[in-house]
Structure formats: C-alpha cells, structure tokens
Amino acid sequence: MFAIHKENIEVAGHQVLSIKGLVKMISVSVQHNKLVMYFVRDLKDSIHRRMELKILGTGHEFSFDQIEGYEFIGTYSMAGGHLMWHVFVNSNV
C-alpha cells in the first residue's frame, strides 16, 4: 500500500532528509505558514531513503552545477508574494 504524506522542511539553501519508504517527491506548498513537501510513501517499506533539497530564491545567483542532477518540484511564496523560492530535489544520494 502507498500513501501521500507530508513533511515540514526548512527554508534553507541546502538540506538532507531521510524518509522511511520514500518512493517519489510530488510537490511543495505552504500550510499553516510552514513550508511542506509532499511525497509518495510505501507503507510496507521500512528502509529510510536520503534526499537532498536545494532552495533558491528568485534573482539569487548560483552556478548550474549546484542543481545538476536535481529535479524541480515547485515554487512557493512568502511575505505576501514578495519572496519567491524554487525547490529542487535529488533522490539519488
């Protein structure tokens, strides 16, 4: 059996997470003023899988190799839309 679950994540440039039964990242959103990522979880799988997230702000400079191998999963806004953040994930770590 599978289920869609969520996890609060930090608004930080780089972070590594370990999620039990992770199958696939779906999206990011804001819920109750917190950044949340949604993913598919295999409920019968007890193995923790690591993933890396990169969060980049609109207009912030970066080199392409910082996100090479990462998949874009969504954009979210803060401060009434004055700040826009773009989230990339690498599940192959």
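Okay, here's what the table says:
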item	result
Neighbour cut-off at most 12 other Cβ (10 Å), DSSP loop, chymotrypsin sites (Phe, Trp or Tyr not before Pro), the chain	Phe62
For the stretch 2-90, Kirkwood radius (reciprocal of mean inverse C-alpha pair distance, Å)	13.7 Å
In the stretch 9-75, trypsin sites (Lys or Arg not before Pro) in a DSSP loop with at most 13 other beta-carbon atoms within 10 Å	Lys44
Residue exposure sequence - Glu61, Glu68 - by fewest surrounding Cβ within 10 Å	Glu61, Glu68
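No lab work stands behind these numbers, since they all come straight from the coordinates. All figures in this text were calculated on a predicted structure; none of them were measured in a lab. We place every Cβ from the backbone using ideal geometry, glycine too, and count neighbours over all the protein chains shown.
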